Amino acid sequence: MSWRRFFRRAQWDDERAREQRAHLEIEMDEHVARGMNQEDARTAAYRKLGNPTLVREEIYGMNSISWLESAWQDLRYAWRTLRHTPSFSVVALLSLALGIGANTAIFQLINAVKLRTLPIPHADRIVEYRIETHGKGRTGQFNGERPLMSYPLYESIVQQPGLGRVFAWGTAGFDLADGGESQPARGLFVTGPLFDIAGVRPAAGRLITASDDTRGCGTPAAVLSFPFWQSKFGGDPHIQGKTLKLNGNSFVIAGVAESGFFGFEVGRAFDVAIPMCAEPLLRTRSALANREIWWLSVMARLDDAHSIAAAEKRAASISSALFASTLPPGYRQGDADNYKAFGLLVVPVGTGVSQIRATYAEPLTLLLYIAGMVLVIACGNLANLMLARASVRQSEMAVRLAIGASRRRLIRQLMVESLLIAAGGAVAGTFVAGALSRVLVTFLDNPSGRRVFVDLGIDWTVLAFTAGLAAITCLLFGLAPAFRATRTSPSQIMRASGRGLTDGRDRFNLRRALVITQLALSLVLITGALLFGGTLKNLINVDTGFTAAGVTQVDIDYRHADIPEAQRLQFQLDLVNRLRAVPGVMSAASAYIVPLSGSGWNQNVVVDGKEQQPYTNITRVGSSYFDVMEMPLVTGRNFDERDTLAAPQVAIVTEAFAKTYFHAPAPIGREFHLAGRIGEPDPAYTVIGVVHDIKYEGLHEPSGPVVFFPHTQEREANLDMTIVFRASGDVNAAITQLARGIEPRMLVTFSRVDQVIGATLVRERLMATLSGFFGIVAMILAAIGLYGVMSYVVERRRSEIGIRIALGAEHTQVISMFMRESAWLIGAGLAVGLALAYVAAKSAATLLFGMTPKDPAPFVLAAAMLAVVALLAAFLPARRASRQSPTTALRG
Amino acid sequence: MPKRGTTPIQEEMLQGTLDVLILRTLVGGASHGHTIAYVIERQSDDMLQVQHGSLYPALHRLEDRGWITSFWGLSENNRKARFYRLTAKGRRQLVSQTNRWDALVRAVNRVLKPSGEPR
């Protein structure tokens, strides 16, 4: 069979017809020649040939690829049928588009965050070296997004043979502004050969190479990311050689990295990359020679010969020497012992490393399940619609069966219809997903400026997922109705197509099962929504111990003011006073650490000569701090002018501190020490006051001991400071003005403390909003499902109701008859749903806060809400039934 | 007309038999469907009655396999008709099909009329 003939089979058929006509004519000629009359000759010729149409059909059949032919027929037929019932088609298409769209959007995000490999060649050979700490912590300073290694550790690792081609990177926030309000940029410190090893190509100019990264580099080279080049420089083709200010220092732009390269951390992209050697220019305290500043991720590309196992073996063998040779000199005995016992780990990171992966993998997977359930519920409604259609088309099916269509053929044709709807839904869903996933990403963004970057491009994985989803939904809503519709003997239908008083229960049970499933699943989703909503509410309402609303924090970087170290404290104290004098500012105080902002300072406390575990959180504040944050003193006194550098060091502690370390509610006058550096005496502090407990590290964490030191006793004042203040009206411009007046290159950054804290709840907000949205959608869908089934029941029993009413049944009796049936369905749905919801809640327990699966309230509330909505949905058709007049019912 | 005493074979012909008969008919030169049918009937002394209805699908099948080709021409009584001609490939097929037929006939005969072999 040739394709050419397949496509030209109409013409071919025409030829065959002519050929047979010729045959008949020749035959007739011969008969006539033998003396037959014209009419007899024709009859004889036809008798001899047989049915010409049948012969043609046989040949036509030989010319066609029969499955393709009939598939095409089915498709056209399905298209016509769907076009004839536009409302059904639109409802089906829309609900599927939403369902598939939501699922695809979430999957797109999961794909981008979790599944996709780094956009560099042979990403599967990239490994990250990590420290096995055996559960012991590392002490020191932690900077940037991935503080796994110190620079001296990197220098040791890179010299080891057998560990692949090693490179390292660290992140930092850069400031593009040349004085005034800061313009943050996401910075990436890279070792010289990083781009070369990773296999990144330049989009313009050149990239950083090993020769750029030499100790004490003069005018360092900077590489821009492609998106930054586009947004900040409009894709300027002559970008090479231009300069860029980073924290006030000039950098020469060497080039632009290729468009796909965002770094190695999924969820974060960089704007500017600069070589490691430039780090001392940008930080007030360089980390290059420091063994206890953790700020790097050390990675390597293993070449073909290197298996990961070999690298692991090598790493294990050098571990003890590596850590012994890089021991931080300031470590106390315990820390040093821990450090020397560390091991070097090799972890394949072909899909990149990611903070947001750890944070969002579980919630996203859960959301995918939730969206999947919504899709199942939507499919339930579609199946119901299909069943209703099937009963409308029963006589059509009966006729087709009667004239010899096979059941398989009919099922196939009905499935083609479903497939067409599913495919349409998938296509529309892809567009919905495009918009939805972008909205999802903005959810993950946090308002304090640390934007989440994920590459949402559609790839084969996503397409395969969507196609698979379409196929599954098609089976879900199409298969059972197709089987039902064709499982009839023609005679039975023909006979039943008249009016019957009762209805077969058989077809119903499937519909009832569908509705029960829908109700059960939506109960799960509503319960989930209540649990996540409750979690968010609990976290928002957590007693932080201070009032964040109305407080603004301003970070001031005054390194360019060149204040000598001895005068820095006075400069800072003056700055607070001048800020306080700005019109509109009501109160202001310095704060070394703003609680719940993500940064922290902790050390071990020594009480009565005993070092306390674990660490204690610390901050250093001005005396007005407790006013600004609305934290009244419980007992004792506030910091004041007595607490100078020369005076004994004092501290205000929280109630938890007093209770944990002194076992007394008001340990005024008691003394404690901070565990200091080795070889130095532990500094002593006297407690002068107690405040209520505060949350310091996170809203989820219990309120542990916290200690406040006075700003006035700061011995190592930094080149930057943070001030918190309350003001009436917008005073930010005035404060910027004030800072510029002192030094034009001073950098100031404002943020609202409640927003910064709110940003830590992104995950909870995402879960609460989306699960709430899906919960409501699910409830509406289930209500529609129940409404549909009850309407159908009412419709089927019209004559029965008519007779009942004619015989004197009251409206209420008719209503209660149907409501009893609905109540049974709802009850079954709720029972199954409650069991499922309990299991689901238990598996999501880690994402909850202040809510437990054991608390019956959310379950009861969800069940009550669903019951009310469902009863309402069932009531409408029941009331319609009770209002019909007996005559219309009987006549109809 | 069939000869008296023997009944013409009206049932389905043995699978593939019609094909080889058509090929054999065409050895003498190109002919159209009507001629082919009558030649087969006459050569078999009217024992083989060709179902004209099955003739054309068979011709189509053979052409599909490339054993024959077709063209439009004029019949003996000046009617336009489709003529079929044997191709080289068809000729080879005829030889091998004929051999197969002979082998089949011998085999069937051995079963039906066993010669005096010792039992």
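Computed from the coordinates by the stated procedures, all read-outs in this text should not be read as laboratory data. Small disclaimer: the values here were computed from a predicted structure and weren't measured. Using ideal geometry, Cβ is built from the backbone for each residue, glycine included, and neighbour counts are taken over all protein chains shown.
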Query raised in the report: Where Lys and Arg each count +1 and Asp and Glu each count -1, what net charge lies around A:T552 among other residues with Cβ under 9 Å from its Cβ?
Result: +2
Query raised in the report: How big is the gap, in Å, between the Cα center of the stretch A:819-850 and the Cα center of the stretch A:382-426?
Result: 34
**Report entry** Reduced Cα scattering model of the stretch B:29-80, Debye log10 I(q)/I(0), q = 0.13, 0.16, 0.24, 0.32 Å⁻¹
**Finding:** -0.35, -0.53, -1.05, -1.20
**Report entry** Exercise: per-residue mean of other protein chain Cβ atoms within 10 Å, B:32-39
**Finding:** 4
Query - Within the stretch A:182-242, trypsin sites (Lys or Arg not before Pro) in DSSP loop having at most 16 other beta-carbon neighbours inside 10 Å - result: A:R206, A:R215, A:K242
**Report entry** Loop-resident sites, the stretch A:682-753, for trypsin sites (Lys or Arg not before Pro), counting at most 15 other Cβ within 10 Å (DSSP)
**Finding:** A:R715
Report task. Name the residues whose placed amide hydrogens come within less than 5 Å of the amide hydrogen of A:A203, ignoring near sequence neighbours (fewer than 5 apart) on the same chain. Result -> A:V256, A:A257, A:E258
Query raised in the report: So for the protein assembly as shown: antiparallel DSSP bridges make up what percent, rounded to the nearest 5?
Result: 75
Query raised in the report: What are the residues whose amide H is under 5 Å from the amide H of A:E132, where those residues sit 5 or more places off or on another chain and H is modelled from the backbone?
Result: A:G343, A:L344, A:L345
Requested in this report: Order the peptides A:395-408, A:463-476, A:138-151, A:267-280 from the highest to the lowest mean number of other Cβ atoms within 10 Å of their residues.
Outcome: A:267-280, A:138-151, A:463-476, A:395-408
Query raised in the report: In this model, which of A:K136/A:K313; A:K245/A:K695; A:K659/A:K695 are farther than 28 Å apart at the alpha-carbon?
Result: A:K245/A:K695
Requested in this report: Any lysines with Cα under 21 Å of the A:K854 Cα? List them, leaving off those in the same chain fewer than 8 positions away.
Outcome: A:K537, A:K842
Query raised in the report: What net charge is computed for the residues neighbouring A:F709, neighbours being all others with C-beta under 11 Å from the C-beta of A:F709, Lys and Arg scored +1, Asp and Glu -1?
Result: 0
Query raised in the report: Roughly how many whole Å is it from the C-alpha centroid of the stretch A:236-306 to that of the stretch A:627-682?
Result: 41
Query raised in the report: From the square roots a ≥ b ≥ c of the eigenvalues of the alpha-carbon gyration tensor of the stretch A:92-207, which class results: rounded (a/c under 1.5), prolate (a/b over b/c), or oblate?
Result: prolate
Report task. For each cysteine in the protein assembly as shown, check whether another cysteine's C-beta sits under 4.7 Å from its C-beta; list those where none does. Result -> A:C379, A:C474
Report summary line: trypsin sites (Lys or Arg not before Pro) in the stretch A:567-646 lying in a DSSP loop, each with at most 12 other Cβ atoms within 10 Å of its Cβ, come to A:R642
Query raised in the report: At 222 nm, what helix-only mean residue ellipticity would the protein assembly as shown give, in deg cm²/dmol to the nearest 500, using -39500 (n - 2.57) for each DSSP H run of four or more?
Result: -17000 deg cm²/dmol
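Inverting the mean 1/r over all pairs of different Cα atoms, compute the Kirkwood radius of the stretch A:652-778 and quote it in Å.
Details: mean 1/r = 0.0521 Å⁻¹.
Result for the stretch A:652-778 stands at 19.2 Å.
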Requested in this report: In debye, nearest 20, what is the charge dipole magnitude of the stretch A:298-379 about its Cα centre with +1 on Lys and Arg Cβ and -1 on Asp and Glu Cβ, if you could check?
Outcome: 100
Report summary line: Using alpha-carbon positions, the gyration tensor of the stretch A:532-611 gives root eigenvalues a ≥ b ≥ c; with a/c under 1.5 called rounded, otherwise prolate if a/b exceeds b/c, else oblate, the class is oblate
Requested in this report: Sort A:D236, A:D175 so that the residue with the fewest other Cβ atoms within 10 Å of its own Cβ comes first and the one with the most comes last.
Outcome: A:D236, A:D175
Query raised in the report: log₁₀ I(q)/I(0) of the stretch A:44-156 at q = 0.18, 0.20, 0.23 Å⁻¹, via Debye over equal Cα point scatterers, no solvent, to two decimals?
Result: -1.12, -1.15, -1.24
Report summary line: With the convex hull built on the alpha-carbon atoms of the stretch A:44-93, volume per residue in Å³ sits at 85
Requested in this report: Express the C-alpha Rg of the stretch A:182-248 as a ratio against the empirical globular expectation 2.2 N^0.38 Å, rounded to two decimals.
Outcome: 1.14
Query raised in the report: What are the residues whose amide H is under 5 Å from the amide H of A:S587, where those residues sit 5 or more places off or on another chain and H is modelled from the backbone?
Result: A:R726
Query raised in the report: Mind listing the phi-derived Karplus ³J(HN,Hα) values for the stretch A:517-523, rounded to whole Hz, using 6.51, -1.76 and 1.60 with θ = phi - 60°, and x for any glycine or proline?
Result: 4, 4, 5, 4, 5, 5, 5
Report task. Kindly write out, for the stretch A:826-836 in residue order, the coupling ³J(HN,Hα) from the Karplus curve 6.51 cos²θ - 1.76 cosθ + 1.60 (θ = phi - 60°), rounded to whole Hz, with x marking Gly and Pro. Result -> 4, x, 5, x, 5, 4, 4, x, 4, 4, 4
Report summary line: Computed ³J(HN,Hα) along the stretch A:145-161: with the Karplus parameters 6.51/-1.76/1.60, θ = phi - 60°, integer Hz and x for glycine or proline, the list is 7, 9, x, 9, 9, 9, 5, x, 5, 4, 4, 6, 5, 5, 7, 6, x
Requested in this report: Return the lysines within reach of B:K80: Cα separation strictly under 21 angstrom, same-chain partners fewer than 8 residues apart disregarded; answer none if there are no such residues.
Outcome: A:K48
Query raised in the report: Distance from the Cα centre of the stretch A:685-742 to that of the stretch A:129-144, in angstrom?
Result: 27
Report summary line: quick shape note, the stretch A:258-304: Cα extents on principal axes in Å, largest first -> 34, 28, 19
**Report entry** For the protein assembly as shown, projected area of the alpha-carbon convex hull averaged over all directions, nm²
**Finding:** 69.9
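Suppose we look only past 19 Å in the calculated P(r) of the stretch A:315-416. What percent of the Cα-Cα pairs does that tail hold? Each step should come with its number before you reach the end.
Details: 3745 of 5151 pairs.
Cα-Cα pairs in the stretch A:315-416 separated by more than 19 Å: 73 percent.
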Query - Spatial extent of the stretch A:550-690: Rg and Dmax, with the Cα atoms as the point set, Å - result: 16.5, 49
Query - Volume per residue of the C-alpha convex hull in the stretch A:306-352, rounded to whole Å³ - result: 89
Requested in this report: Out of all DSSP beta bridges with both ends in the stretch A:637-713, state the antiparallel percent to the nearest 5.
Outcome: 50
